[in-house]
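So the structure is just underneath, and the comments pick up after that.
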Amino acid sequence: MNFRKGQGREDPEINLIAFIDVLLVILIFLMVSTSYSKFTALQITLPTADAEKAMGRPFEINVGVDAQGRYSINNNRVAVQNPEGLAAELTAAAAASGKANPDPVVIIAADATTTHQTVINVLEAARIAGYSKVTFAAQTSGKK
């Protein structure tokens, strides 16, 4: 038995080469995968045009939907709730205006808490009436 103290013992050696290789691979990966937005952004100058403004606004039909699901067309309450009845009311509103525009813009102003189905009913009514220009009204929050 060998009971000599300190003679056959070597200090542990840390191999730094593998550690440095792993760190270099991680560094290269991070450099490749990082996006530098200030270098990739393009400086674009948009062209300008001197177009004339439209002479008149297009004919609009305003459809309001309140929180309880009631409809109004051009600020007049309507009693119908189904898409077919709303389509008839939209057609009547277009005819009552006396304008010769066959394709008015339907503007939907729905309450924020109204059900999704009531808005879909207005979209379906516009489709049934043959009106392809539909948009939604919104207000700005006033926050900057």
Whole-percent carbon and sulfur contribution to the accessible surface of region 71-112 (1.4 Å, no ligands, DNA or RNA) stands at 53
Once ARG127 and LEU16 are pulled to full extension, the length gained, defined as 0.36 nm per residue separation minus their Cα-Cα distance, is 32.7 nm
Probe 1.4 Å, heavy atoms of protein chains only: per residue, the accessible area of region 86-138 in Å² is 55
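The values are calculated or read from the model by the stated rules, or taken from the named source; none is laboratory data. Quick caveat: nothing in here was measured; it's all calculated off a predicted structure. Each accessible area value is taken on the protein alone, full model and side chains, heavy atoms only, with ligands, DNA and RNA left out. Shrake-Rupley method; radii C 1.70, N 1.55, O 1.52, S 1.80 Å.
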